[in-house]
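First up is the structure itself, then whatever we jot down about it.
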Amino acid sequence: MKICVPTMGDRGLDEMVSAHFGRAPTFTIIDMATNEVRVLRNESEHFGGAGHPPELLANTGADVLVCSGLGPRAITMFEHSGIEVYVGASGTVNEIIKAFQKGMLQEATNENACKEHRH
């Protein structure tokens, strides 16, 4: 299983989660089977590139996105890509992975989507 976390930089497991999914500077991807950690720059349209962040992450083979929060449009895009999304994450990537493994995060729904991103 590959877990993706939107992050503030390139410090891998020690990096902090980004509070804003789509505008996260980086995405940290952890392969739980091999313990490989990969940091991917956010080169989506939010940063002058092409495509939306969910499309970018679908191309990485990610199975799960764990984040602080995100809007309903992003949730729908991840659902269509077959990527599960969990919200409520805070702290470092390492802390977030532990919280996810303990079942402490909520599955993302339209009801718990960020209110300011309802478009």
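Read-outs throughout are calculated quantities, based only on the coordinates presented, and are distinct from any laboratory measurement. Nothing here was measured: the structure is a model prediction, and the numbers come from that model. Please note: Cβ atoms are built from the backbone with ideal geometry, for glycine as well, and neighbour counts cover all protein chains shown.
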Some residue of region 98-111 being polar (S, T, N, Q) and crowded, with 20+ Cβ neighbours inside 10 Å: no
When residues of region 84-97 are limited to those that are β-branched (Val, Ile, Thr) and free of Cβ contacts under 8 Å to residues at least 40 places away in the same chain, the one surrounded by the fewest Cβ atoms within 10 Å (Cβ to Cβ): Val87
Residue within region 61-78 that is surrounded by fewer than 19 Cβ atoms within 10 Å (Cβ to Cβ) and touching a helix residue (DSSP H, G or I) at 6+ places or on another chain (Cβ under 6 Å) present: no
Within region 1-21, considering residues that are without any contact (Cβ under 8 Å) to a residue 60 or more places away in the chain and not acidic (Asp, Glu), the one nearest to Met77 (Cα to Cα): Phe21
